[in-house]
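A.B. asks: Sharing a structure, written as structure tokens. Questions coming.
The values are calculated or read from the model by the stated rules, or taken from the named source; none is laboratory data. Please read all numbers here as calculations on a predicted model, not as lab measurements. With ideal geometry, Cβ positions are generated from the backbone for all residues, glycine too; neighbour counts draw on all protein chains shown. Keep in mind that these areas ignore ligands, DNA and RNA; they rest on the heavy atoms of the full protein, side chains included. Shrake-Rupley method; radii C 1.70, N 1.55, O 1.52, S 1.80 Å.
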Amino acid sequence: MSAMIEVRGLSVVFDGFRAIDGIDLTVEQGELRFLIGPNGAGKTTLIDVITGLTRPTTGEVVFDGRSLVGLREHQIVRLGVGRTFQTSVVFEELTVLENLDLAASFRQPLWSLARRRRGVSDAVAGALEITELGPLADRPAGVLSHGQRQWLEIGMLLTQGPKLLLLDEPVAGMSKDERERTGELMTSVARDHTVIVIEHDMEFLRRYASQVTVLHEGRVLIEGSVDQIRDDPRVQEVYLGRKPSDAVGKQS
Ligand SMILES: Nc1ncnc2c1ncn2[C@@H]1O[C@H](COP(=O)(O)OP(=O)(O)OP(=O)(O)O)[C@@H](O)[C@H]1O
Ligand SMILES: [Mg+2]
């Protein structure tokens, strides 16, 4: 295995405040890695740095053997890094299909857009299939449920042929059924992509996570399997501040 993304000695200082304070993180090709940590731990900031939204104060980010520091957001997308945000970015008036088409067009050369395309491209068809949104293809995105909207966003990323997907709290606010469907979608996406998922829901982690990285106050507190992090007293202390038994949802 080789590293898909390597973060070394990363720090981000906002007006004297260290949001990221010396993070080293390696995620191998084909991994489905979960990133957890209390509010303000630096999870979103870490993704912001990888995707070029925030410049690191110090440190290096190497994606697929190439440094990303200093590149613009669209350059990083074109290299194969896709992300979702904590808030939705779909166009509500456009249909599911149109949203996917628009996302897909982002990586195509201009000449191919100028040619009239007939039918649905392979990338869009693939995204409709994996997200199971095919039956809703002609509905405006505005009528989708919260869960369906998240799946559409993941589908939109997939049309751009990313190697790495960064998902920021994709199951927040979802119903139980939607969470389950999202876990299955992530698992199938991770078959041929590297995926980093920020998630707080411990029930969800127990079910779908293997490797977990816990961030706290801008640092990596511990990395390991769900069982390892669940049983670690440091995690219980800082992550939820509750008793070990219910801190990370341990079942008796
Ligand atoms: N642009 C910014 N300017 C100043 N401070 C910021 C900025 N972005 C983030 N921060 C601060 O950096 C810290 C880390 O924020 P971040 O959004 O990365 O946390 P998080 O782990 O994603 O938390 P949450 O679980 O609430 O989403 C927080 O204290 C936040 O207030
Ligand atoms: Mg966040």
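A.B. asks: If you plug each phi of segment 198-212 into the Karplus form 6.51 cos²θ - 1.76 cosθ + 1.60 with θ = phi - 60°, what whole-Hz ³J(HN,Hα) values come out, in order, with x for Gly and Pro?
C.D. replies: With coefficients 6.51, -1.76 and 1.60, one gets 8, 8, 9, 5, 5, 4, 5, 4, 4, 7, 10, 8, 10, 8, 10 Hz.
A.B. asks: Could you tell me which GluC sites (Glu not before Pro) in segment 113-181 are loop residues by DSSP with no more than 16 other beta carbons within 10 angstrom of their beta carbon?
C.D. replies: Hits after loop and neighbour filter: E132.
A.B. asks: Return the carbon/sulfur percentage of the accessible area of the chain, one whole number, probe 1.4 Å, all protein chains in place.
C.D. replies: Numbers: 6010 of 12370 Å².
Its accessible area is 49 percent carbon and sulfur atoms.
A.B. asks: Just from its helices, what would the mean residue ellipticity at 222 nm be for the chain, if runs of 4 or more DSSP H residues each count -39500 (n - 2.57) and the sum is divided by every residue, rounded to the nearest 500 deg cm²/dmol?
C.D. replies: Values: 10 runs with 84 residues, N = 252.
Only helices count here, giving -9000 deg cm²/dmol.
A.B. asks: Rounded to the nearest 10 degrees, what's the angle between the helix 122-131 long axis and the longest principal axis of the chain, both from Cα atoms, 0 to 90?
C.D. replies: On a 0 to 90 degree scale, this one is about 50.
A.B. asks: Heavy atoms of the protein only, probe of 1.4 Å, neighbouring chains included. What is the accessible area of T54 in Å², nearest 10?
C.D. replies: Roughly 30 Å² of T54 is accessible to a 1.4 Å probe.
A.B. asks: Follow-up. Just read off the accessible area of V220 with the full protein assembly in place, 1.4 Å probe, to the nearest 10 Å².
C.D. replies: Rounded to the nearest 10, the figure is 50 Å².
A.B. asks: Quote to one decimal, in nm, the extra length available between D24 and R55 on full extension: 0.36 nm per residue of separation minus the C-alpha distance between them.
C.D. replies: Answer, rounded to one decimal: 9.5 nm.
A.B. asks: Also: Give the relative contact order (percent, whole number) for the chain; include only Cα pairs under 8 Å separated by 6+ residues. Don't jump to the answer; show the numbers that get you there.
C.D. replies: Details: 465 pairs, mean separation 63.2, N = 252.
Relative contact order, the chain: 25 percent.
A.B. asks: Shifting gears a bit: So what are the ³J(HN,Hα) numbers for segment 47-61, from phi and the Karplus equation (6.51, -1.76, 1.60; θ = phi - 60°), rounded to whole Hz, Gly and Pro as x?
C.D. replies: Result, ordered by residue: 5, 4, 6, 4, 8, x, 6, 10, 7, x, 6, 9, x, 9, 10 Hz.
A.B. asks: Further, regarding this structure: How much accessible surface area, in Å² rounded to 10, belongs to the heavy atoms of H74 with a 1.4 Å probe?
C.D. replies: 80
A.B. asks: Sequence-distant or interchain residues sharing an amide H contact under 5 Å with G22, placed H: which?
C.D. replies: Result for G22 returns L10, S11, V12.
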